[in-house]
Structures are given as structure tokens and as C-alpha cells.
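Here the structure comes first, spelled out in C-alpha cells, and everything after it is commentary.
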Amino acid sequence: MKWLIGNLKMNLINSQEREDYLKLFKKEKKGKRLKNVEIILCPSFTHLESFANYFKGEEIKIGAQNLFWEKSGSFTGEVSPETLKSLGASAVIVGHSERRKYFQETDKMINLKIKAAIKTGISPIFCVGENAKEKEADLAAKVIAKQVMAGLEGIPRSQLGNIIFAYEPVWAIGTGLTPCSNEILSAKLLIRKMLVNKFGLKYAQAPKIIYGGSVNFKIADQVCMASEMDGALVGGESLSPHSFLKIAEVLDN
Ligand code: PGA
């Protein structure tokens, strides 16, 4: 089974755009039978409930793009994991590079968010990856290892299977640049090795490891299949249901 996750980011900026997207998605999906692909669409918080209702009873799952780690209380502007769950989210993106960069999210905060998601029964999609400067300095492996270890601090190994790891080199996000299959495979092997060291071989096999960064249907084969990844986290191309579902078809083969 492959996982295809659409990160819609801060788009579909009013209810009309949302409705147009949903209708188009259903139209494009009609008649396409995906046997080996699980789709998760992650719209902004305000669209979660509409998305969940629209796809009720269908194979499409819904995820959020962020969460807070407390259940409730005086945290102005934040959204509780319980709220996400009650609105129909079964997954949540955590530690996306845009949140690390623009909202100063630290490894510690990301760890708290992963724990809160797991506790609420929501699968964290845990993003890790080096930026251009770190890549230049040959620090990719070090950065990924640090992010993985810090993010997993205190997570019981029995919960590992609920986490989806997304290797997203920051320099490949929204840029049209992509690593070669070997680079992606190396990152996957590194993540798996960290998991084996920390949790033991049996538990380390459980989580999915997917790739994200400028994925489109033309390169889906190279960045997912040839790199032995379990799927893709897609930003820009998820805004076009047609292009997004073409990626699904590549992953389904
Ligand atoms: P992109 O975004 O596909 O537009 O590069 C990926 C992401 O930010 O998760």
C-alpha cells in the first residue's frame, strides 16, 4: 500500500473555491479505482469539516496541517487535537519546514505535537529534511538524524506504527528541484537505521516513510517507486485534482 498526501497549504481561500475544488476532485476521481493507494487530503483548519463531510463513506481521508499539544484552555488562536478529531481528521502534518521556518517551531515543540496527535488517535505525518545550506555543507544526514531523534523523544515503540515519516528536503519544496533516487533512498535508510537503533528491528519496520518536495506525476515514479518510498507528500500539485490523481495512478502501479 502507498500513501498519497495532499498538503493544500493556505489555499482555497473562500467557500466558493473550496466547493469548486471538492466538486472537481470528485469528478476526476470518478471511475478511477485505486487498489494500492491511500489518499489523505489536508486542507486548512476551516475547511476540515466540509472536506470530511464531502468524502464521508469514501476512501479519501482527511488530515490537518498543524495542531497544538494541549487538549483545551487559554491558548488563543491554537487548535486542539480533540477538535481536529471531532471534525474528521485522521492525520496531521507535523514539523513541516514552513512551520519550522516561519513560525519558529522547534524540535521540542514538534515532539510535543507528535505525542499529542498519537494520544488523540491521529496519525502524525512527521516532516524532516535538510535545507540548501545544510546540503551544501554535507550536513544532510546529521540534520535528519537530529530531527528524527528529537521528534521521537519519549514515544513508546508500540506507537511507532502510527507515524508516517515524510522526508522533505527543504530545497526541493516548491522549487521544482528534486533529489536523485539514490539520495532519497539514502535518507530513507538513514531514518530506518535511526529507528532500528532506538526501537529495535521489529518495531522499526512499522512506520511508512514517504517523500515530499516538488512531486508531480512525471517524477512520481522516480521519487517514490525507484526510491522505494511508501508514497508522497504533495503540495503544489495537490491543488489540481487532475494532476494529483495522476500521481495516485503512478503510485497505484
Ligand atoms: P511542493 O510542497 O510539492 O509544492 O514542493 C511539498 C510540501 O510542502 O509538503
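The values are calculated or read from the model by the stated rules, or taken from the named source; none is laboratory data. Everything numeric in this text was worked out from a predicted model, so none of it was measured. Using ideal geometry, Cβ is built from the backbone for each residue, glycine included, and neighbour counts are taken over all protein chains shown. SASA here: full protein model, heavy atoms, side chains in, ligands and nucleic acids out. Shrake-Rupley method; radii C 1.70, N 1.55, O 1.52, S 1.80 Å.
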- Over what distance in Å are the Cα centres of the range 154-185 and the range 56-81 separated? 22
- For LYS208, the aspartates and glutamates lying under 15 Å Cα to Cα, once residues fewer than eight places off in the same chain are dropped, come out as GLU38, GLU168, GLU228, ASP230
- Which of the lysines could be linked to LYS32 by a straight reach, that is with a Cα gap under 20 Å, when you skip same-chain ones fewer than 8 residues away? LYS2, LYS23, LYS56, LYS61, LYS218, LYS246
- To the nearest 0.05, how large is the calculated FRET efficiency for ASN53 and LYS202 if R₀ is 35 Å and r is the Cβ-Cβ distance? 0.35
- For the chain, set up a Gaussian network in which alpha carbons nearer than 10 Å are linked by springs, and say which option among GLU19, GLU136, GLU78 fluctuates the most. GLU136
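Out of the total accessible area of the range 20-171 (probe 1.4 Å, heavy atoms of protein only), what percent is carbon and sulfur? Present the calculation step by step, with values, prior to reporting the outcome.
Details: 3910 of 7620 Å².
C and S fraction of accessible area: 51 percent.
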- Task: Evaluate the charge dipole of the range 97-140 about its Cα centre and quote only its size in Debye, nearest 20, assuming +1 on the Cβ of each Lys and Arg and -1 on the Cβ of each Asp and Glu.
- Result: 340
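Counting only heavy atoms of the protein chains, get the accessible area per residue of the chain (1.4 Å probe) and round it to a whole Å² value. All intermediate terms of the calculation are to be shown ahead of the outcome.
Details: 12140 Å² over 253 residues.
Each residue of the chain exposes 48 Å² on average to a 1.4 Å probe.
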- Please report the relative contact order for the chain, taking Cα pairs under 8 Å with a sequence separation of at least 6, and give it as a percent rounded to a whole number. 20
- Sort the following peptides by mean Cβ neighbour count (other Cβ atoms within 10 Å, averaged over residues), highest first: 204-215, 111-122. 204-215, 111-122
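Roughly how big is the range 64-229's charge dipole about its Cα centre, with Cβ charges of +1 (Lys, Arg) and -1 (Asp, Glu), in debye to the nearest 20? Intermediate values should be presented prior to the final figure.
Working: 21 positive and 15 negative charges, 100 e Å.
It comes to approximately 480 debye.
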- Item | Charge dipole of the range 28-74 about the Cα centre (unit charges at C-beta), most positive-ward option of ASN53, GLY31, GLY73 | GLY31
